[in-house]
1. If you count, for each residue, the other Cβ atoms within 10 Å and average over each peptide, how do 136-143, 19-26, 111-118, 37-44 line up from highest to lowest?
2. So what is the 222 nm mean residue ellipticity for the chain from helices alone, if each DSSP H run of at least 4 adds -39500 (n - 2.57) and you divide by all residues, rounding to the nearest 500 deg cm²/dmol?
3. Name the long-range amide H neighbours of PHE129: under 5 Å, sequence gap of 5 or more, or other chain; modelled H, no Pro or chain starts.
4. Using label points projected 7 Å from each Cα along Cα→Cβ, tell me how many nm separate CYS65 and ARG107, to one decimal.
5. Once phi is turned into θ = phi - 60°, what whole-Hz ³J(HN,Hα) does the Karplus curve with 6.51, -1.76 and 1.60 give for every residue of the stretch 60-72, x standing for Gly and Pro?
6. Between helix 34-46 and the chain, what is the angle of the helix's C-alpha long axis to the longest principal axis, kept within 0 to 90° and rounded to the nearest 10?
7. Over the stretch 1-138, what relative contact order in percent results from Cα pairs under 8 Å that are six or more residues apart?
8. Scan around LEU2 for amide H atoms under 5 Å from its own, H built in the peptide plane at 1.01 Å from N, and keep only partners 5 or more places away or cross-chain.
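None of the figures in this text is laboratory data; all of them are computed from the coordinates on show. Computed from a prediction, not measured in an experiment: that's the story for all the values here. Here the Cβ is made from the backbone with ideal geometry for all residues, glycine too, and neighbour counts use every protein chain on show.
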Amino acid sequence: MLRFADCLPILLYDPQKRVIGLGHAGWRGTVGLLAQRLAETMREEFGCHLAQVRAGLGPAIGPCCYAVGEEVREAVQAVLSGSSGAVVERANEVYLDLWEANRWQLRQLGIERIEVGKICTAGNTAEFFSHRAEGERTGRFAVLMLLQSEWDEQ
Ligand SMILES: [Zn+2]
């Protein structure tokens, strides 16, 4: 379980090896290639084949609301391809698309089954917490992953 208020929940699942991985990426985690490191850890530590891994990218602050400064744009462009769709320019402002930035990273590793909810936390504060929209003292919502034991499934 991890807790979120704008950062992106990254959920990975290998149904063959029965391995799950959960990550938490804001812009620093995104430029630190956290999604790729999470997937590579599943491959190296548990023998997962990334082609069979399914991914989910959860609610996060969307490119509709996530205006970022020049330092973030430079950091993203230094690491991710311009074709990733990670940086969106609109009315002289730069916005970061965490979903596209992290989907691009997973695709680079051969993960193709990726579900993206595209629910913006900053625009849906009745259902989610948003650090950007509500300030430092807001809450966090939890993302929980679990593997049922084989006994439970019978
Ligand atoms: Zn939004």
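1. Top to bottom by mean Cβ count within 10 Å: 19-26, 37-44, 111-118, 136-143.
2. One gets -8000 deg cm²/dmol as the mean residue ellipticity at 222 nm.
3. PHE141
4. Spacing of the two 7 Å Cα→Cβ label points: 2.5 nm.
5. With the stated coefficients, the stretch 60-72 comes to 7, 5, x, x, 5, 10, 8, 5, 10, x, 4, 5, 6 Hz.
6. So the helix axis and the longest Cα principal axis differ by about 10 degrees.
7. Values: 260 pairs, mean separation 39.7, N = 138.
It comes to 29 percent, rounded to a whole number.
8. Result for LEU2 returns VAL143.
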